[in-house]
Amino acid sequence: MPDKIAYAAGERIPRHIAIIMDGNGRWARKRGLPRTAGHAAGSEVFRKIAYACRDLGVEHLTVYAFSTENWKRPSDEVATIMKLLNKYLHESIETMARDHIRLRVMGDLNGLSPELRALVHETDEISATYEGFQANVCINYGGRDEILRAARRYAADYAADPSVALDEARFSAYLDSAGIPDPDLLIRPGGEQRISNFLLWQCAYAEFYFTDVLWPDFTVDELKKAIAVFQQRDRRYGKVKTT
Ligand code: IPE
Ligand code: IPE
Ligand code: MG
């Protein structure tokens, strides 16, 4: 049982953790608050977990903040989430270099406001100036949409030069996650056990960890519990067990 598995510091730490930050709305409803209060609480938790990942030696944290399907929500909820993302990027521009947290936004930037796009370019520029831990925030992101956008870009390049063969490595380089290793561990809080269009290509061999804890209640101890479970997993990649 996860509760009994001890986290081993420094041992088999996932290089890349992905998180579907789910359960904000239910967290708020349980407290008689508007759903938007859940999103505000959730964005603070993201900050805390990003620092914890950096300190534990994780290289990449990729979080699902807003999906291509989330536009179907009530417009006031969407507006609040966009405002929170705006605020988060603004604050990060102030603190990223100091705290050694590089930030990259993944998703279809064309669907974002010009203001948000400008902030994304600014964080990219800062991130390019140093090395170290990287947080990837998925906004207007859908796994299928990402694969389609990549395929369209490859088709355009192929039209210009048909000699370029397509293999897995080359296709990966067309994705929003170009240059980022695949996630080792995918965590989904909030009680649902589905992928909801997140990192479909990249999670081919990720280990999945589901918990009923709602995202705004997620703690560093929960993170360590997920890593402890990961440390017990036997990743075979289609081969037979070696030990
Ligand atoms: C995740 O929390 C945040 C986003 C999808 C933007 P939800 O808003 O989906 O919370 P629940 O699942 O309704 O509780
Ligand atoms: C996934 O959560 C998207 C994000 C966390 C940003 P959803 O709440 O949108 O997923 P479903 O609708 O339960 O599959
Ligand atoms: Mg949800």
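The values are calculated or read from the model by the stated rules, or taken from the named source; none is laboratory data. This one's a predicted model, so the numbers in the text were calculated from it and none came from an experiment. Don't worry about glycine lacking a Cβ; one is built from the backbone with ideal geometry, like all the others, and counts go over all protein chains shown. Keep in mind that these areas ignore ligands, DNA and RNA; they rest on the heavy atoms of the full protein, side chains included. Shrake-Rupley method; radii C 1.70, N 1.55, O 1.52, S 1.80 Å.
What to note about this one:
- Every condition in (1) more than 29 Å from TYR7 (Cα to Cα); (2) touching a residue at least 12 places away in the same chain (Cβ under 8 Å) is met by LEU148 except one, and the failing one is (2).
- The C-beta contact set for segment 171-195 (first residue of a type in the set (Lys, Arg), second residue part of a strand (DSSP E or B) and away from ligand 3 (no atom under 16 Å from the Cβ), distance under 8 angstrom, 6+ apart or interchain) comprises ARG188/PHE208; ARG188/TYR209.
- Output for segment 163-198, where each listed residue is hydrophobic (A, V, I, L, M, F, W, C) and over 19 Å from ARG235 (Cα atoms): VAL164, ALA165, LEU166, ALA169, PHE171, ALA173, LEU175, ALA178, ILE180, ILE195, PHE198
- Unique residue being within 14 Å of ligand 1 (Cβ to nearest atom) and open to solvent by 20 Å² or more (accessible area, probe 1.4 Å) when the list is ALA28, ALA8, ALA37, ALA97: ALA37
- Of all residues in segment 80-99, none that is basic (Lys, Arg) has its Cβ atom under 8 Å from the Cβ atom of a residue that is not in a helix (DSSP H, G or I), 6 or more apart or on another chain.
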